[in-house]
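Since every read-out is calculated from the coordinates, none of them should be taken as a lab result. Quick caveat: nothing in here was measured; it's all calculated off a predicted structure. Cβ placement follows ideal geometry from the backbone for every residue including glycine, while neighbour counts extend to all protein chains displayed.
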Amino acid sequence: MGYKIAVLGATGNVGQEMLSILAERAFPADEVVALASRRSQGTEVSYGDRTLKVKTLDTYDFKGTDICLMATTGAMSAEWAPKIAAKGCVVIDNSSRWRMDADVPLIVPEVNAAAIAGYTKKNIIANPNCSTAQMVVALKPLHDAAGIRRVVVSTYQSVSGAGKEAMDELFTQTRAIFVNDALVNENFTKQIAFNVIPHIDDFMEDGQTKEEWKMTVETKKILDPKIKVTATCVRVPVFVGHSEAINIEFERPISDEEAREILREAPGCLVVDKHEDGGYVTPIECVGDYATYISRIRVDPTVENGLNIWVVSDNLRKGAALNAVQIAEILGARYLKKAA
Ligand code: 2RA
């Protein structure tokens, strides 16, 4: 017997990727249910070769559903995750609502899969922010090898991280510029087409944004509380794929060649690092992939034991949907143990 699994937020960018990845990876499901708010009732979504009619969250009874992959806002998750969990259904939540809750494990399977065991406290598991997920996949093997002391990261985040409407805005603004139409800004604070915006999520009192804060606190929770992280998060006019320029200071020396070898063997990582024109990965090349790509590995001689790397991944996949499905796979195989 397989699982009954629900995808809540099935019509959104991440929800649709969750359904695709469940089908691609042949998740052992007897039944997959697509759920969304009343607004999307009757909409159809793809699950592999099949089409699923979206059901309404308000009227769905979660009793008998084993796992719910949630791709909704934090406010929706605050209201619904505890209700769903109380029905005996384990919630794997993609919002920021539960990530820093001490009773909720925050998981990137390549880094801290064993921590999934803590799910029983609330029946909720949190998926990290997209920019954190790909960063910790690359940092973990390097941390194991040479002990990371401090990380300085600058992100180049695609508009898909802000949702479908944000993708449409990049498209319509780009078109408007070519046909000399008026520009409409609804999803971003400034023009996104042919521009970059150093602002993702709300501002905090100390001047950093929440996206930047998330990269710091989530890395500490997932990887090691001793690691210092400072981030600058920037939105760029790219549809899918987040990129990160990461500067790392280690406890012990590590050469670029050692780092390259370690990353080549590391789970989830794919090194593309030729010192020649085009010998690195850009976001367009990672779309639809599972891997976290690492390029431009080089020593930073301006600090003790310093290294620079360039990390690119599909933010809707490793940054969200793939990570959630990987968690569900481990949960099923090691904890729920229902699959045939
Ligand atoms: C973004 N980090 O890219 C967000 C999505 N989770 O806006």
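What the table below lists for this structure:
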quantity: Cα centroid of segment 1-28 to Cα centroid of segment 50-111, whole Å; calculated: 12
quantity: Segment 1-87, dipole about Cα centre (Lys/Arg Cβ +1, Asp/Glu Cβ -1), debye to the nearest 20; calculated: 220
quantity: Lys/Arg +1, Asp/Glu -1 at C-beta; the chain dipole; positive extreme among ALA182, LEU322, ILE148; calculated: LEU322
quantity: Among 109-122, 192-205, the order from most to least packed when residues are scored by Cβ within 10 Å on average; calculated: 109-122, 192-205
quantity: Contact order relative to length of the chain, as percent, for alpha carbon pairs under 8 angstrom and 6 or more apart; calculated: 19
quantity: Theoretical ellipticity at 222 nm over the chain - DSSP helices of four or more residues, -39500 (n - 2.57) apiece, nearest 500; calculated: -8500 deg cm²/dmol
quantity: Loop-resident sites, segment 236-326, for trypsin sites (Lys or Arg not before Pro), counting at most 16 other Cβ within 10 Å (DSSP); calculated: LYS274
quantity: Within segment 131-315: Cβ-based charge dipole about Cα centre, in debye rounded to nearest 20 (Lys, Arg +1; Asp, Glu -1); calculated: 240
quantity: Selection from LEU19, ALA86, ILE200, by position along the positive dipole direction of the chain (Cβ); calculated: ALA86
quantity: Cross-link pairs LYS4/LYS337; LYS140/LYS228; LYS87/LYS318; LYS190/LYS228; LYS221/LYS338; LYS4/LYS221 - those with Cα-Cα distance over 19 Å; calculated: LYS87/LYS318; LYS190/LYS228; LYS221/LYS338; LYS4/LYS221
quantity: Distance cut-off 22 Å, percentage of C-alpha pairs in segment 63-169 lying past it; calculated: 41
quantity: Rounded D (µm²/s) - segment 131-315, Kirkwood Rh over Cα pairs, Stokes-Einstein at 4 °C, 1.567 mPa s; calculated: 75
quantity: Segment 35-83, Rg to Rh (Cα coordinates; Rh as Kirkwood inverse mean 1/r); calculated: 0.97
